[in-house]
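*Asks:* There's a structure below that I have some questions on.
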Amino acid sequence: MREGVRELMVMKPCIAVIGLPPDADHSLEVCDANGVAISVEHLSFWGSGAWMTEGTLLGQAVNQLVPEATSDWILLWGNPSGLLVVDWAVMTADLFCGERSSAGGNNSAGWLFLHRQAFEAVNGCHPLLRSPSLLITDCLGRLEAQGMRLIPPLHCDRSLHCPDQRNAIKGMSQLASMTWPQAVDLARCVADLEADAALLVSHPWGPAQTAALPSSLQRKWLRIWRLTFWSALLLLPERIMKTCPEPWFPAPHQDMVKPQPWQRFYWRWLRLVVSQLERLLLSVFRLAGGG
Amino acid sequence: MLELSVVTVCMNRQQHLLQTAPKVQAWAAGLGLAWEHLVVDWSSDVPIQREHLPPGASVRLLRVSGEQHWSASRAYNFGCFQAQGERLMRLDADCWPQELNARMVHALAKHQVLQGAVNGGSEGSWLMSKGLFQAVGGFHELLQGYGCDDIDLRARLQATGVDVITLPKQALGVIHHSSAMRVAKPVSHGHSGFSDALNRAWKDALVEANRWAVVQHPWSSQRSRTTYIQSLLGAWEANVSSIPLPSNALASELQDIRRLCFWSTFLLIPARLFQTLPRSWFGELDGDGFGVRRWHRLYWHSGRRFCLGLRLITLKLLRRAF
């Protein structure tokens, strides 16, 4: 097996990159340990946004693209640019390189480099996930759970940050400087992440798993998405959404959620005032209560 | 080989176990199967005494000593892998079979799992063949304390094509109790709104972190489980180096999640706002809890309600105005 794979790599040093397409300003370079560039075949579902409008989720798009790749080595790499150096000499089908989405300083969405056989052995990506960072995290975890081994790359350099994280907000100033579309996007990413995390626990991907979500899980997904989205957008505790009638803070319909004018007004003028007041109140209690 | 092993683990929940164990025995004896009731004492402060359990060779008591914290996953894995029956039944210390008849147990196929009713307090209980349990690697051993272990196990079984059948609510009886007992926390604040809120927030924080551990580190039969060594006195002890641990990055992420979830639930602080507050204001989970201070308690009683009311009134007025 090991020899066979090595021979293949010598004959066909090519990898398929699935992610954003390169453009004039960005390029992705993949090299071996000697710095020799490896030819790259780009397969992309981003850019046009077609996978979103047609209702195809990210994992489904990846699963559809992998069979189209001519190479046996697949790189899931969301960035349009970067540098990856891997040690081709040691790579076999039961080894893979990658990085989980990071909640640390760099907020990376994660990446994955693996053999097509390994990808097929874990039944590909989870087709129901919306969160890009969880897509990689899940795939990587299932590879490990199958007994395949994660090895570090020789070098990895990525530039694009991903807002798809729990700790995407770093401070009040960041909250204050956000525009409405940015805030909606961020809230959507956070809601996708939370709802997908719950989905992964209740509906993990596997050989006998159905790609259709049972109605009880669909309701659960929508409930978590609704609570997280509005909480993140309007800086409200989830208890508020549980107290208020559901139509005030609706769940997404066909992947769309349309905030009302009064919500936009609250976001623009009141969200930070109430939050600052709460912060002030906490400080006062802290001082009064002896710290 | 025995046909059925009922496995119950217990850490300081003797008051429940002593009520349910005789009922389990009465039920199992009427099945017409060769059975055992395996009780695992997970380092209870006061060890469970064999003479306090129903008499008879079918009841086995195993003690695991040296465990500081409750870990349902590791405790049940220990019990289930020690069990000698072809079929395993997990029954928590507060549960007993009530209207689960022998026909349902006999009719259980190899690819089927019987599971307690959801939202009935018995959803963590199940009956399945030992082979199925072993094939998915048992419970996820990175999960700490309470929560998510049953959902994770069921989901992994379903992902391999196992048919999970939910039992009617009356099939299993449950002794209802507080969140404090679920998180194996000594009730130190008496029974009040404050202590209830504290325990609920604690429980939610453990569940949330466990959910994230499942996402980041999916479990399977390929993962290595804790191994145990039996001492001369008969008690078992975990081989410390074999206990699965999360990576440093994951451990720190889980700690952050517990902290965020606990405080935002307890004091009703929006999660995004909490992330902007100074870290020193709110403690992290250690052996004794999250370090709730006097000012947190004061805020819980008044400031929290004020902020909640202010937000609600603002939203109502605003909605009406538009």
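*Asks:* Give the number of residues within segment B:29-44 that are at pLDDT below 95 and either part of a helix (DSSP H, G or I) or acidic (Asp, Glu) (or both).
*Replies:* 1
*Asks:* Something else about it: Going by the conditions given, is residue B:234 among the small types (Gly, Ala, Ser), outside any helix (DSSP H, G or I) and away from chain A (no Cβ under 13 Å)?
*Replies:* So residue B:234 fits the description; yes.
*Asks:* Looking at segment A:268-280, is at least one residue over 14 Å from residue B:310 (Cα atoms) and surrounded by 14 or more Cβ atoms within 10 Å (Cβ to Cβ)?
*Replies:* no
*Asks:* Determine whether segment A:232-240 contains at least one residue that is part of a helix (DSSP H, G or I), of a type outside the set (A, V, I, L, M), at the interface with chain B (Cβ under 7 Å from one of its Cβ atoms) and closer than 30 Å to residue A:101 by Cα.
*Replies:* Checking segment A:232-240: at least one residue is part of a helix (DSSP H, G or I), of a type outside the set (A, V, I, L, M), at the interface with chain B (Cβ under 7 Å from one of its Cβ atoms) and closer than 30 Å to residue A:101 by Cα.
*Asks:* Would it be correct to say that residue B:134 is modelled with pLDDT of 95 or more, out of contact with any helix residue (DSSP H, G or I) (no Cβ under 9 Å at 6 or more places or on another chain) and surrounded by fewer than 18 Cβ atoms within 10 Å (Cβ to Cβ)?
*Replies:* No; evaluated as a whole, the condition is false for this residue.
*Asks:* Another question about this same structure. Any residue at all in segment B:253-274 that is assigned by TED's automatic domain parsing to the domain that holds residue B:195, of a type in the set (D, E, K, R) and outside any helix (DSSP H, G or I)?
*Replies:* Step one: filter segment B:253-274 for residues assigned by TED's automatic domain parsing to the domain that holds residue B:195, giving B:253-274.
Of the ones still in play, those that are also of a type in the set (D, E, K, R) are B:253, B:256, B:258-259, B:272.
Those still in the list that are outside any helix (DSSP H, G or I) too: none.
No: segment B:253-274 contains no residue that is assigned by TED's automatic domain parsing to the domain that holds residue B:195, of a type in the set (D, E, K, R) and outside any helix (DSSP H, G or I).
*Asks:* Inside segment B:48-74, can you point out the residues that are in contact (Cβ under 8 Å) with a residue 24 or more places away in the chain and not in a loop (DSSP other than H, G, I, E, B)?
*Replies:* B:52, B:59, B:60, B:62, B:63, B:64, B:65, B:71, B:72, B:73, B:74
*Asks:* Return the only residue of A:219, A:188 being part of a helix (DSSP H, G or I) and either at the interface with another protein chain (Cβ under 9 Å from one of its Cβ atoms) or in contact (Cβ under 8 Å) with a residue 24 or more places away in the chain (or both).
*Replies:* From the options A:219, A:188, the qualifying one is A:188.
*Asks:* Give me the residue from segment B:280-301 that is exposed (fewer than 14 other Cβ atoms within 10 Å of the Cβ) and out of contact with any helix residue (DSSP H, G or I) (no Cβ under 8 Å at 6 or more places or on another chain) and, out of that set, nearest to the other protein chains (Cβ to nearest Cβ).
*Replies:* B:294
*Asks:* Sticking with this structure for a sec: Do we find a residue being within 10 Å of chain A (Cβ to nearest Cβ), over 30 Å from residue A:263 (Cα atoms) and touching a residue at least 12 places away in the same chain (Cβ under 8 Å) anywhere in segment B:259-274?
*Replies:* Within segment B:259-274 (the criterion being within 10 Å of chain A (Cβ to nearest Cβ), over 30 Å from residue A:263 (Cα atoms) and touching a residue at least 12 places away in the same chain (Cβ under 8 Å)), the answer is no, since none of the residues qualifies.
The values are calculated or read from the model by the stated rules, or taken from the named source; none is laboratory data. Because the structure is predicted, anything quoted here is derived from the model rather than measured. Neighbour counts run over all protein chains shown; Cβ positions are idealised from the backbone, glycine included.
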